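One structure is given here, and the rest of the page talks about it.
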Amino acid sequence: MAHDTDASTLTLLYNPGCGSVIVEAMFTLAGIPYQLELVDPWTEGPSKERLRAVNPLLQVPTLLFADGTVMTESAAMVLHAADVAPGAGLVPAAGDATRPAFLRWLTYLVASIYPTFTYADVPSRYVSTEAAQAELRASIFAQREAMWRQVEAAAVGPWFLGERLSAIDLYVWAMVRWRPGRPWFIASAPKLAAIADALDADPRLAALKAANFP
Ligand SMILES: N[C@@H](CCC(=O)N[C@@H](CS)C(=O)NCC(=O)O)C(=O)O
């Protein structure tokens, strides 16, 4: 990661192990400099208020541009990175045969799977009784596993889109660590588990891996 502070510097508000690592991996592989600012969405205090001021959803990743522009949503950051560094080849270009699948599954990951964490991680935000919270979690966990099975069925191999690494694989790399957890993926989604294994072995991501998945 870079720590320069020139006018073009991007500042990524992050928390280790969170979706911010997907954006960090994208920037790293694309050679885009950025600086990091640690925030904690779950603990009351100045860093939570700092995050709230720029992203009322209190979510990381949140990206700050030098001109004050705020970008939320990891998929927006991934697509922005591809605009800045198209040569990295992590987002299939318009006209590429894999572009429709890329767009579909990128959106599926952030619009269908990622929200299951929003709703199940802290169910007390949505329903008040312990019984309702347990039911909500169980139901979301089952739905999430069904969605991952659908992603697994769509994976071409060795990378999600086939022979070429894409940003989808960076999502898979991070998300196989989240519930239902890597042993579940190894047993039930082996193509996705293999993608995570392959990226774990990529030396370009070693520092990120150590910092986010100790
Ligand atoms: N749609 C967002 C989801 C981001 C998100 O949910 N991030 C989690 C961490 S991995 C978060 O900040 N959660 C805090 C909370 O829900 O309170 C994206 O793709 O960037």
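The values are calculated or read from the model by the stated rules, or taken from the named source; none is laboratory data. These numbers come from a predicted model, not from an experiment. For neighbour counting, all protein chains shown are included, and Cβ atoms are generated from backbone atoms with ideal geometry for every residue, glycine included. Side chains are part of the model used for accessible areas, which takes the heavy atoms of the whole protein and leaves out ligands, DNA and RNA. Shrake-Rupley method; radii C 1.70, N 1.55, O 1.52, S 1.80 Å.
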Notebook entry, point to check: Given the Cα atoms of region 10-90, and with Rh set as the inverse mean 1/r over their pairs in the Kirkwood sense, what is Rg to Rh to two decimals?
Noted result: 0.97
Note to self: If N is the number of residues in the chain, what value comes out of its Cα radius of gyration divided by 2.2 N^0.38 Å?
What the structure shows: 1.02
Note to self: In whole Hz and in residue order, list the ³J(HN,Hα) couplings for region 200-211 that follow from phi through the Karplus curve 6.51 cos²θ - 1.76 cosθ + 1.60, θ = phi - 60°; x for Gly and Pro.
What the structure shows: 4, 8, 7, x, 5, 9, 4, 5, 5, 4, 5, 6
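How would Val70, Val60 line up by accessible area, probe 1.4 Å, largest first?
Largest to smallest exposure gives the sequence Val70, Val60.
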Margin query: Tell me the carbon and sulfur percent of the accessible area for region 10-90, rounded to whole percent, probe radius 1.4 Å.
Written below: 57 percent
Next item on the list: Kindly write out, for region 85-101 in residue order, the coupling ³J(HN,Hα) from the Karplus curve 6.51 cos²θ - 1.76 cosθ + 1.60 (θ = phi - 60°), rounded to whole Hz, with x marking Gly and Pro.
Entry: 10, x, x, 5, x, 8, 10, x, 6, 3, x, 5, 4, 8, 4, x, 5
Note to self: Computing the accessible area with a 1.4 Å probe over protein heavy atoms, can you report the carbon and sulfur percentage for region 99-207?
What the structure shows: 60 percent
Next item on the list: Assign unit charges at the C-beta atoms only (+1 for Lys and Arg, -1 for Asp and Glu), then state the dipole size of region 46-145 relative to its Cα centre in Debye, rounded to the nearest 20.
Entry: 80 debye
Item checked: Dipole in debye (nearest 20) - region 99-207, about Cα centre, beta carbon charges: Lys, Arg +1; Asp, Glu -1 -> 180 debye
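Give me Rg over Rh for region 95-187, both radii from the alpha carbons and Rh done the Kirkwood way, two decimal places. The partial results should precede the final answer.
Working: Rg = 15.0 Å, Rh = 14.3 Å.
Taking Rg over the Kirkwood Rh, I get 1.04.
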Notebook entry, point to check: Which ³J(HN,Hα) values in Hz, rounded to whole numbers, follow from the phi angles of region 180-186 under the Karplus curve 6.51 cos²θ - 1.76 cosθ + 1.60, where θ = phi - 60° and Gly and Pro get x?
Noted result: x, x, 4, x, 5, 5, 4
Next item on the list: Using a 1.4 angstrom probe on the protein heavy atoms only, line up Leu192, Leu38 by accessible area, largest first.
Entry: Leu38, Leu192
Notebook entry, point to check: Expressed as a whole percent, how much of the Cα-Cα distance distribution for region 66-111 exceeds 15 Å?
Noted result: 50 percent
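Under a Cβ-only charge scheme (Lys and Arg +1, Asp and Glu -1), can you give me the dipole magnitude of the chain about the Cα centre, in debye to the nearest 20?
I would put it at about 520 debye.
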Checklist line | Accessible area per residue, Å², the chain with all protein chains present, probe 1.4 Å | finding: 47 Å²
Check: Which Cα, out of Pro86, Phe185, Leu165, lies furthest along the positive dipole direction of the chain (beta carbon charges, K/R +1, D/E -1)?
Finding: Phe185
